[in-house]
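One structure is given below, encoded as structure tokens.
The values are calculated or read from the model by the stated rules, or taken from the named source; none is laboratory data. Everything numeric in this text was worked out from a predicted model, so none of it was measured. We place every Cβ from the backbone using ideal geometry, glycine too, and count neighbours over all the protein chains shown.
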Amino acid sequence: MLAGCGYGFLAVLVVLLMLPSARRAAVADCGQGVANQYGANSTFERNLNLLAAKLTANVSAAAAGFAVDTGGTAPDKVYALALCRGDVKASACNACVAAAFVDGKTNCPGYKGVNMYEGTCVLRFSGQSFMDSLRPDQWQVSEMLWSPDQAPRSVKVPDVSWFNAGVTKILSALVEYAWATAGNSTAKKYFATGEEDFNPKIYGFAQCVPDLTPEQCKECLRSLHDSAKQTYRGNSLRWVGTYSVWCGLMYSVRPFYGGRAMLQLSAPPPPAVETPVVTPEPGGGRKKSAAGIAAGVASSVVVLLILSVFAIVRFRRRTKAVEADHPLKKITRAQCMIFDLPTLQEATENFSENNKLGQGGFGSVYKGVLSDGQEVAVKKLLGTTGHGLDQLHNEVLLLAELQHKNLVRLHGFCLHQGETLLVYEYIKNGSLDNILFDTNRGNALNWEQQYNIILGIAKGILYLHEDSSLRIIHRDLKPNNILLGEDMEPKIADFGLARLLGEGHTHTRTTRVVGTFGYMAPEYAIDGNVSTKIDIFSFGVLVLEIVTRRRNCNSDEHLVNLLSEVWNCWTKGTVSQMIDQSHGYSQSQALRCIHIGLLCVQSDPDDRPHISSVIFMLTRENMELQPPAQPAFFFGGESASSSPSYGQRSYVYDQCGFANISVNGVTLTEPYPR
């Protein structure tokens, strides 16, 4: 049972998963009792120190920012759990968990059971196992320990009850979103952030420990929300949070998390103004009362007639629109802004060539600066009929639903007679294509940035394929459609060709193949088969291009395509000669990326990994990888028999690369230093 775990904690467990800057101080909860203590230089302390280093590395490398581990053997076995805030980067996660171990030992010297609640992470270590509390026969949400927390001051709001309704709306939405979109992948997080357009704006977050089931996460968050209501009702507090060891829920009138909110909500309607009741003066004549009643009835009739006419006109217009089934009718319902053409003309200096960022198959993109100083990118499409109109319709509808740090954010759109435009966030570093292949700029990326770009693209694809409310296949992943934001963080762009995969379907077919040759999977280019594996193929090509800084198809430089070159070098054991070394690199990581890239470009889509598996391969260096077979579109001179069979042994990488590995009898003569 959660309330009877036997840890001897006297304080209520408070998980400060995410707090405003004013409340970043670490909070410690120390277990009590002689049996819950250890001595200096004891076996328990040595196990704890070893586990600290191990868990810190594991949690920062985990896609979910969560790790559970143990160290040593009974009776000095240490159990630990760490969870980083859903929006923090790996480096910040690593630093937070490391600091939490130090703070835990400092604030609770000699205690085996410690909970540390830092600003961006939570750490729990104990001499007793605590994860059994999540077993179905042990889980009791009614006995879950939780604690409310609140701001000491109120904020000025138009109406307290209206503000309370706004808080209830955003917290309820976050609770439902966090558990409902979690799915069953271990790489996913029960994490949600939201922003509500109130005055002042209301920000919120919800998060659960990833090992909870969706039902447990829902119960945990709903229980915290019930508790939070008792605190914020009747008040206009600046922030209120409720926390347990398994989940956390909070709102604030100040932004307190990184990145754009995953949910964008409108404010609830303001409370109705009550009409004062006027008591008639005694002695009023019947004529006056009768006249008042007659006037009231007449006014009511007039109002009803006006409303009836308005309703009929509106109904006819709506019916006519439905009958016409205009392909843009759904766009006006999307959760994004509608810009007028003069605003965008002024922002882009009338689409000046000096502001032109690029040219694509569907139109041009221009940099613009709005009147409030915000920089935007404006895509000006070539037409509003036929395929151009369908492309606009598709992209707006998709991007209005998608919220992820590795996807380009859509601000809004503009429809004006013959003009159709999309307004995006401006990404100052431009496209990956320009940075990778522009020889005049040199290599502006170091290896860490290249690796993070690969991992970031994979996380964006994971969101499209598995984590978003829609199951989406991009169909045109290539360097031109990868934009680089702050710190070279990748953002997937251009969803005009994206295709939704129906619920419960893993693949479909299309009679119209669209995309870019060189990045299209063979089953899609030849037969029109559409599945998530066509994005995996494109991702594999991207990985090989990033590591080698060579285009897949460039007849001016190479006689064969990049896939063939990499495969030939792979079988000969000279593949590291293809790795760009202008800024140094991690040989083991680079070789592992090439291995993963080759697995992603296999001819048979069933042999390509799912994107969640790709992320595991990228973040877990000790994970064994199956040997790749000959890739699709191989134009080398060697026969297919040189490809390894499925029965070959696995490869495993460590920090020293790989050694003593042969591929079907071909010795890899290239030494990999240790």
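For (1) closer than 30 Å to ALA180 by Cβ; (2) outside the structural domain of ASP372 (by TED's automatic domain parsing); (3) at pLDDT 85 or above, each residue gets a yes or a no:
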site: ASN443; (1), (2), (3): no, yes, no
site: TRP447; (1), (2), (3): no, yes, yes
site: ILE457; (1), (2), (3): yes, yes, yes
site: PRO490; (1), (2), (3): yes, yes, yes
site: HIS507; (1), (2), (3): yes, yes, no
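Filtering VAL175, VAL157 for residues that are touching a residue at least 12 places away in the same chain (Cβ under 8 Å) and part of a helix (DSSP H, G or I) leaves a single hit, VAL175.
Is it the case that the stretch 107-123 has a residue that's of a type in the set (Val, Ile, Thr), out of contact with any helix residue (DSSP H, G or I) (no Cβ under 8 Å at 6 or more places or on another chain) and either at pLDDT 90 or above or within 27 Å of ALA62 (Cβ to Cβ) (or both)? So that I can check it myself, show each step before the final result.
Step one: list which residues in the stretch 107-123 are of a type in the set (Val, Ile, Thr), which gives 114, 120, 122.
With out of contact with any helix residue (DSSP H, G or I) (no Cβ under 8 Å at 6 or more places or on another chain) added as a condition, the list becomes none.
Checked the stretch 107-123: no residue is of a type in the set (Val, Ile, Thr), out of contact with any helix residue (DSSP H, G or I) (no Cβ under 8 Å at 6 or more places or on another chain) and either at pLDDT 90 or above or within 27 Å of ALA62 (Cβ to Cβ) (or both).
TYR251 meets all of the listed conditions (1) surrounded by 24 or more Cβ atoms within 10 Å (Cβ to Cβ); (2) of a type in the set (Ser, Thr, Tyr); (3) touching a Ser or Thr at 6+ places or on another chain (Cβ under 8 Å); (4) under 11 Å from VAL167 (Cα atoms) but one, namely (3). Among the residues of the stretch 79-106, those that are touching an Asp or Glu at 6+ places or on another chain (Cβ under 9 Å) and more than 13 Å from VAL59 (Cβ to Cβ) comprise TYR79, ASP103, LYS105. Any idea how many residues of the stretch 149-172 are within 18 Å of LEU265 (Cβ to Cβ) and either modelled with pLDDT under 90 or surrounded by 20 or more Cβ atoms within 10 Å (Cβ to Cβ) (or both)? Qualifying residue count for the region: 5. Any residue in the stretch 286-293 that is surrounded by 12 or more Cβ atoms within 10 Å (Cβ to Cβ) and at pLDDT 90 or above? Within the stretch 286-293, none of the residues are surrounded by 12 or more Cβ atoms within 10 Å (Cβ to Cβ) and at pLDDT 90 or above. The set of residues in the stretch 102-125 being closer than 19 Å to PRO210 by Cα and in a strand (DSSP E or B) consists of ASN115, MET116, TYR117, CYS121, VAL122, LEU123, ARG124, PHE125.
What is the one condition in (1) out of contact with any helix residue (DSSP H, G or I) (no Cβ under 6 Å at 6 or more places or on another chain); (2) at pLDDT 85 or above; (3) within 25 Å of MET337 (Cβ to Cβ); (4) surrounded by fewer than 20 Cβ atoms within 10 Å (Cβ to Cβ) that PRO268 does not satisfy? Of the numbered conditions (1) out of contact with any helix residue (DSSP H, G or I) (no Cβ under 6 Å at 6 or more places or on another chain); (2) at pLDDT 85 or above; (3) within 25 Å of MET337 (Cβ to Cβ); (4) surrounded by fewer than 20 Cβ atoms within 10 Å (Cβ to Cβ), the odd one out for PRO268 is (1).
With respect to the stated conditions, LEU344 fails to be modelled with pLDDT of 85 or more and assigned to a strand (DSSP E or B). Would you mind stating whether PHE130 is buried (at least 23 other Cβ atoms within 10 Å of the Cβ) and at pLDDT 85 or above? So PHE130 does not fit the description; no. In the stretch 522-557, the residue that is nearest to ASP433 (Cα to Cα) out of those that are hydrophobic (A, V, I, L, M, F, W, C) and at pLDDT below 90 is CYS553.
Note on the stretch 49-101: residues that are closer than 21 Å to TYR38 by Cβ, part of a loop (DSSP other than H, G, I, E, B) and out of contact with any helix residue (DSSP H, G or I) (no Cβ under 6 Å at 6 or more places or on another chain) amount to 4.
Report the residue count in the stretch 475-488 for those that are out of contact with any Gly (no Cβ under 6 Å at 6 or more places or on another chain), part of a loop (DSSP other than H, G, I, E, B) and over 18 Å from LEU544 (Cβ atoms). Don't jump to the end; show me each part of the working.
Narrowing the stretch 475-488 to residues out of contact with any Gly (no Cβ under 6 Å at 6 or more places or on another chain): 477-488.
Now restrict to residues that are part of a loop (DSSP other than H, G, I, E, B): 477-478, 485.
With over 18 Å from LEU544 (Cβ atoms) added as a condition, the list becomes 485.
Matching residues across the stretch 475-488 total 1.
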